1. Among the numbered criteria (1) modelled with pLDDT of 90 or more; (2) open to solvent by 30 Å² or more (accessible area, probe 1.4 Å); (3) part of a helix (DSSP H, G or I); (4) more than 19 Å from ALA18 (Cα to Cα), which single criterion is violated by GLY62?
2. Which residue out of GLN128, GLN79 is under 27 Å from THR15 (Cα atoms), open to solvent by 10 Å² or more (accessible area, probe 1.4 Å), within 15 Å of the chain's Cα centre (by Cα) and at pLDDT below 95?
3. Since LEU93 meets every condition but one in (1) within 16 Å of ligand 2 (Cβ to nearest atom); (2) open to solvent by 60 Å² or more (accessible area, probe 1.4 Å), which condition does it not meet?
4. Out of ARG140, ARG48, report the one residue that is within 12 Å of ligand 1 (Cβ to nearest atom) and either open to solvent by less than 40 Å² (accessible area, probe 1.4 Å) or without any contact (Cβ under 8 Å) to a residue 40 or more places away in the chain (or both).
5. Going by the conditions given, is SER57 surrounded by fewer than 20 Cβ atoms within 10 Å (Cβ to Cβ) and within 18 Å of ILE11 (Cα to Cα)?
6. Might you let me know whether region 82-103 holds any residue that is away from ligand 1 (no atom under 14 Å from the Cβ) and on the phi > 0 side of the Ramachandran plot?
7. Any residue in region 1-19 that is of a type outside the set (Lys, Arg) sitting within a Cβ distance under 6 Å of a residue that is surrounded by fewer than 12 Cβ atoms within 10 Å (Cβ to Cβ) and at pLDDT 75 or above? List the pairs, counting only those 6 or more apart or interchain.
8. When you check VAL135 against the structure, is it open to solvent by less than 50 Å² (accessible area, probe 1.4 Å) and either within 16 Å of ligand 2 (Cβ to nearest atom) or more than 18 Å from PRO207 (Cβ to Cβ) (or both), yes or no?
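The values are calculated or read from the model by the stated rules, or taken from the named source; none is laboratory data. Being a predicted model, the structure only gives us computed values, none of them experimental. Please note: Cβ atoms are built from the backbone with ideal geometry, for glycine as well, and neighbour counts cover all protein chains shown. Heavy atoms of the whole protein, side chains included, go into the accessibility calculation; ligands, DNA and RNA do not. Shrake-Rupley method; radii C 1.70, N 1.55, O 1.52, S 1.80 Å.
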Amino acid sequence: MLITLFNAILIIVITWFAYLYFDLREKAMPAHERYSQLLRGVSSIVDRLEGYDKAHSSEIAGLSALIGEASGLNNEQLQSLNAAAMLHDIGELLLPRSIMKSNKRLEGDDLELLRTHTLLGELHLKSQIDGLDEVPSLIRWHHERWDGLGYPDNLKGEEIPVAARIIALADAISAMNTRRSYRNRQFARAEDIVAEVTRLSGMQFDPQLVKNWLAIGSPLECKPK
Ligand SMILES: [Fe+2]
Ligand SMILES: [Fe+2]
């Protein structure tokens, strides 16, 4: 696959953001806030280029945080969850623009190519930045499914790290309520989203996480990021 000049520039910008983050952290600046801002900056580039009608990555990070807290994740896990949720689709930047800007639902080779964004995201972050711990792996597995029918590794149930299961759930919930360049919003009403997620509980989604999400009470609420 040829990487276009446009893609290459994007990669440089993102890598620069990441470098800046680690540099700031080293200098013991108010790291948490700086880190959040940098993650927001990178993820907003991804969202804009992928044709979302809103801050998709921030929304997923906010929803993931709520589900993570409701599921008893500790602080360290929540931090990895946040970074992985903000950057989950970063591999899409390495795909040809024709794939990402397509107005039709992708099939065949194009769909397979789109699915490589999980591996590209993992590989790029691993090769460019040290110390991200499990974040690249969470990005690799954010499209795995509880029933083993996801990708890229067909992991099943608790073989999938809990943070990746949370991102998968939050990503799907957000997608049902988001318009992208190639399709309209799937469901307009919150109760329809709840019904669809409940229907897919135990198949696409970890049933315990679905319960934890429902227990939050306001299903489409997100923690501001
Ligand atoms: Fe994705
Ligand atoms: Fe996504």
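1. (2)
2. Every option except GLN79 fails the conditions.
3. (2)
4. Step by step, each of ARG140, ARG48 is checked, and only ARG140 is within 12 Å of ligand 1 (Cβ to nearest atom) and either open to solvent by less than 40 Å² (accessible area, probe 1.4 Å) or without any contact (Cβ under 8 Å) to a residue 40 or more places away in the chain (or both).
5. When the stated conditions are applied, SER57 does not pass them.
6. No.
7. If the second residue must be surrounded by fewer than 12 Cβ atoms within 10 Å (Cβ to Cβ) and at pLDDT 75 or above, no pairs are left.
8. Answer is yes for this residue.
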